[in-house]
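Colleague: For reference, the structure I am asking about is given below.
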Amino acid sequence: MAGVQVSNVSRSFGAHKALDDVSIDFADGGFYALLGPSGSGKTTLLRQIAGFDFPDSGRIAIGGESVERVPVEKRRIGMVFQNYALFPNMSVADNVAFGLSVRGEAKAVIAAEVKRALELVQLGKLGGRRPHQLSGGQRQRVALARAIVTKPRVLLLDEPLGALDKALRVDMQIELKRIQREIGITTIFVTHDQEEALTMSDRIGILRDGRLVQEGPPEEIYDSPKSEFAATFLGDANILRGDSTGTGIRLPDGTAIAAGAGATLAAGAKASCAVRPERIRIATDAGSAGRANGNMLRGQISKRIFAGNNSTYFVERDGQTLKVIVQNTGIERLAEGQDVVLRWSPESTVLIAAS
Amino acid sequence: MAIQGATASRSGLRSALPLLLPAYLWLTVAIFLPLSAMVFFSFMTDLPLSGKPWAFTFGNYATFFSQSLYLRLLWASLRLGLEVTLWCIVIGYPAAYVLAKVLKGRSREAIFLLVILPFWSNGLVRIFSWAMVLREGGILDTALNAVLPFKINIDLMYSYPAVIIGLVHSYVPYMVLTCYLTLQAIDDSLIEAGRSLGASRLQMLKRVIIPLSMPGLVAGAALIFVPVVGSFMEPRILGGRTGTFYGTVIEDQFVAVFNWPLGAALSFILLAVVLVILALAAPVLRKAA
């Protein structure tokens with residue numbers, strides 16, 4: 001078990017900068033998500049940590065030991081692949097045993113370790129099966145057992161749940177988290193699914209175009225994104241753009257928006273405010289909620305999407321569409337075409353420097 | 001469910017018939033008819049075409065067993081087949097691996113072209129080119145003597161190695177192609193998974209890549225072994241006096257001695273032996289594959 005330090009790592013493929021001066025510290029025993037759209041460099045970063053590919057510059061350390069030039073087979077890492085990558089010519093037990101057996105462990109030791117690993121992933125009885133006889137979720141568990149049975153220093157997962165259907169994915173998220181807690185291994189997983197990143201990880205690193213955009217605990221990134229990209233990529237956000245007033249922004253039409261969180265910006269600079277859709281209250285009557293120093297905008301509902309326990313309203317305002325999500329706690333509904341007032345508190349408003 | 005499945009497959013067969021028919025018609029006319037004629041000939045004392053009287057006999061088959069020469073030649077041909085097949089594996093498999101797993105894009109296309117080039121050149125031209133390379137004072141001899149400081153004599157012409165070289169050259173593309181196809185189908189992530197588990201390249205080759213490409217090796221071996229055992233062109237031209245094999249004896253019966261019945265009988269004995277070998281090898285190979 002060990003932490004992983006990535007320092008100033010860059011990697012180019014031809015003219016394309018896949019990783020551009022990325023530094024990120026994965027503490028021992030943590031569960032990390034590398035989140036980003038496709039082409040953001042998240043998989044490239046994982047492959048650098050695994051040792052399939054070496055960085056052009058920068059340093060990668062596992063447990064304090066520099067490994068950036070050590071090939072994968074000597075790094076003592078465990079890896080789970082998106083397509084599971086189980087050896088089709090071997091039984092489940094032989095797949096799990098592979099890492100121990102290439103190391104020349106004694107047969108009795110291998111048998112005991114394999115049994116334990118298969119029990120940990122709750123596949124104790126399926127050791128004799130072939131991979132093609134298993135369901136997707138079971139294959140995923142075998143791949144996990146195979147990766148952890150060698151007691152690697154780090155567990156790396158490349159979109160591990162991408163190939164599973166939604167219900168199974170939620171099960172596996174819980175399962176993966178349980179197993180990770182149980183063995184306490186530093187885990188880094190790559191995903192493009194923001195929900196997966198939010199629910200599973202202790203910390204999230206958001207990548208874009210080969211750069212680390214923001215890194216921190218899920219709540220921190222969600223509550224105070226440092227860029228419009230982070231705000232909109234992790235969760236949903238309404239972005240209002242205008243000129244900084246130091247403590248908020250002034251929209252082009254003169255409306256002031258107060259922000260209680262985010263960057264400190266000099267007045268007059270271009271800036272944005274981000275507001276989560278569920279933080280906005282929507283009402284027809286302007287007078288009913290006339291609290292002081294709250295943010296308020298008027299608009300017209302252009303569309304309503306009913307999703308059972310909540311409804312999403314799209315509100316047109318000065319050429320911009322704002323999104324509001326309301327829990328359906330009562331039966332009162334607002335209709336499309338209705339004029340409404342949107343209110344939210346400055347605490348729910350994050351000031352972001354214009355990108 | 002079961003009944004539904006049965007009707008579905010029956011109607012599938014009916015719709016497939018127009019597609020299958022040309023191939024089977026062709027096989028019947030082009031292979032089955034001449035082959036049956038040959039079976040018929042092999043039980044005759046003489047060709048009916050020559051006008052001489054003929055009778056039904058097992059004598060042609062008896063000849064094979066009565067003279068140890070034929071058995072010895074068959075054994076030599078089987079050994080030749082085995083050796084050529086092994087050389088084709090030794091040369092073809094690494095080439096297929098590099099083609100499938102190392103090279104990408106244009107360089108792969110270029111190397112691929114070089115591999116299948118022998119396929120497109122005429123067999124006789126290919127063999128006589130080798131004759132020019134291998135004989136004393138030939139290309140190989142001259143080139144080596146131009147480079148080396150001392151005088152050596154390279155004359156591989158009319159020797160067993162020359163036959164092997166010629167046959168391996170003719171047949172190695174089969175091995176490269178069949179192995180390339182199976183190696184190509186192996187997901188790169190399997191190799192990465194093995195490496196992440198600490199396996200060396202050699203361990204990966206032994207425990208994952210070779211087992212998974214076994215079907216290609218087996219198919220390639222069968223495609224090479226069978227025709228090499230019956231080959232006559234390479235042994236005759238490159239082997240000279242040392243190039244007498246079972247295949248050349250069969251050829252002699254047809255083109256020189258004009259004893260078609262004996263030639264046919266010898267061919268069918270070869271066919272039977274090869275089928276027995278493949279049948280015996282099948283369970284082992286199926287397990288390996």
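Colleague: Checking A:Phe189 against (1) more than 14 Å from every other protein chain (Cβ to nearest Cβ); (2) in contact with a strand residue (DSSP E or B) (Cβ under 8 Å, 6 or more places away or on another chain); (3) over 17 Å from A:Tyr84 (Cα atoms), only one condition comes out false. Which one?
Modeller: All conditions are met except number (3).
Colleague: Turning to a different aspect of this structure: Among the residues of region A:96-111, count how many are more than 9 Å from chain B (Cβ to nearest Cβ) and not β-branched (Val, Ile, Thr).
Modeller: Looking only at that region, the number is 7.
Colleague: Here is a further query. Name the single residue that is surrounded by the most Cβ atoms within 10 Å (Cβ to Cβ) among those in region B:139-168 being more than 27 Å from the chain's Cα centre (by Cα) and part of a loop (DSSP other than H, G, I, E, B).
Modeller: B:Ile154
Colleague: Sticking with this structure for a sec: So for region A:169-186 (the condition being among the hydroxyl-bearing types (Ser, Thr, Tyr), away from chain B (no Cβ under 14 Å) and touching a residue at least 60 places away in the same chain (Cβ under 8 Å)), does at least one residue qualify?
Modeller: Yes, some residue in region A:169-186 is among the hydroxyl-bearing types (Ser, Thr, Tyr), away from chain B (no Cβ under 14 Å) and touching a residue at least 60 places away in the same chain (Cβ under 8 Å).
Colleague: Further, regarding this structure: Going by the structure shown, is A:Gly246 on the phi > 0 side of the Ramachandran plot and crowded, with 19+ Cβ neighbours inside 10 Å?
Modeller: no
Colleague: Say we look at region A:117-135 and pick out the residues that are part of a helix (DSSP H, G or I) and either in contact (Cβ under 8 Å) with a residue 40 or more places away in the chain or within 14 Å of chain B (Cβ to nearest Cβ) (or both); which of these is surrounded by the most Cβ atoms within 10 Å (Cβ to Cβ)?
Modeller: Taking the candidates together, the pick is A:Ala117.
Colleague: Look through A:Ser201, A:Ser244 and report the one residue that is within 19 Å of the chain's Cα centre (by Cα) and of a type in the set (Ser, Thr, Tyr).
Modeller: Numbers: A:Ser244 fails: within 19 Å of the chain's Cα centre (by Cα).
On inspection, the qualifying residue turns out to be A:Ser201.
Colleague: If I filter region A:207-230 down to residues being on the phi > 0 side of the Ramachandran plot and more than 13 Å from the chain's Cα centre (by Cα), which single residue comes out as surrounded by the most Cβ atoms within 10 Å (Cβ to Cβ)? Spell out how you get there, then give the answer.
Modeller: Here is the first cut: in region A:207-230, the ones on the phi > 0 side of the Ramachandran plot are A:209-210, A:216.
Filter once more, so that each one left must be more than 13 Å from the chain's Cα centre (by Cα): A:209-210.
On the way: A:Asp209: 16, A:Gly210: 22.
Going through the qualifying residues, I end up with A:Gly210.
Colleague: Another question, if that's okay. Can you tell me which of (1) surrounded by fewer than 21 Cβ atoms within 10 Å (Cβ to Cβ); (2) within 14 Å of another protein chain (Cβ to nearest Cβ) is the one A:Val114 doesn't meet?
Modeller: Condition (1) is where A:Val114 drops out.
Colleague: Residue under question is A:Ile280, and the condition is that it be within 30 Å of A:Glu332 (Cβ to Cβ), touching a strand residue (DSSP E or B) at 6+ places or on another chain (Cβ under 8 Å) and touching a residue at least 60 places away in the same chain (Cβ under 8 Å); does it hold?
Modeller: It is true that A:Ile280 is within 30 Å of A:Glu332 (Cβ to Cβ), touching a strand residue (DSSP E or B) at 6+ places or on another chain (Cβ under 8 Å) and touching a residue at least 60 places away in the same chain (Cβ under 8 Å).
Colleague: Looking at region A:65-88 only, could you name the residues that are over 13 Å from B:Arg195 (Cβ atoms) and surrounded by 21 or more Cβ atoms within 10 Å (Cβ to Cβ)?
Modeller: Applying the first criterion (over 13 Å from B:Arg195 (Cβ atoms)) to region A:65-88 yields A:65-69, A:80, A:82-84, A:86, A:88.
Passing the criteria: A:Val67, A:Val80, A:Tyr84, A:Leu86.
Colleague: Does A:Leu156 satisfy the criteria of being at negative phi, within 13 Å of chain B (Cβ to nearest Cβ) and surrounded by 20 or more Cβ atoms within 10 Å (Cβ to Cβ)?
Modeller: Values: at negative phi: yes; within 13 Å of chain B (Cβ to nearest Cβ): yes; surrounded by 20 or more Cβ atoms within 10 Å (Cβ to Cβ): yes.
Yes; evaluated as a whole, the condition is true for this residue.
Colleague: Being in a loop (DSSP other than H, G, I, E, B) and at the interface with chain A (Cβ under 9 Å from one of its Cβ atoms): is that true of B:Ala199 here?
Modeller: It is true that B:Ala199 is in a loop (DSSP other than H, G, I, E, B) and at the interface with chain A (Cβ under 9 Å from one of its Cβ atoms).
Colleague: Ok, one more. Give region A:217-243 a look and list any residue that's assigned to a strand (DSSP E or B) and touching a Lys or Arg at 6+ places or on another chain (Cβ under 7 Å), or say none.
Modeller: Listed by number, the residues that qualify are A:Asn238, A:Gly242, A:Asp243.
Colleague: Looking only at region A:249-270, which residues are part of a strand (DSSP E or B) and on the phi > 0 side of the Ramachandran plot? Break it down into steps so the answer makes sense when it comes.
Modeller: Quick first cut of region A:249-270, residues part of a strand (DSSP E or B) only: A:249-250, A:256-258, A:261-262, A:270.
Once the filter is applied, which keeps residues that are part of a strand (DSSP E or B) and on the phi > 0 side of the Ramachandran plot, region A:249-270 yields only A:Gly262.
Colleague: Tally time: how many residues in region A:174-216 are in a strand (DSSP E or B) and under 17 Å from A:Asp28 (Cβ atoms)? Show your work before the answer.
Modeller: Of the residues in region A:174-216, the ones in a strand (DSSP E or B) are A:186-191, A:203-208, A:211-216.
Filter once more, so that each one left must be under 17 Å from A:Asp28 (Cβ atoms): A:186-189, A:203, A:205, A:215.
Qualifying residue count for the region: 7.
Colleague: Any chance you could count how many residues in region A:32-91 are part of a loop (DSSP other than H, G, I, E, B) and more than 11 Å from chain B (Cβ to nearest Cβ)?
Modeller: The qualifying residues number 16.
Colleague: Looking only at region A:187-214, which residues are among the polar types (S, T, N, Q), within 18 Å of A:Met79 (Cβ to Cβ) and at pLDDT below 95?
Modeller: Matches in region A:187-214: A:Thr191, A:Ser201.
The values are calculated or read from the model by the stated rules, or taken from the named source; none is laboratory data. Just so you know, these numbers come straight off a predicted model, no measurement behind them. All Cβ positions, glycine included, derive from the backbone under ideal geometry; neighbour counts span all protein chains shown.
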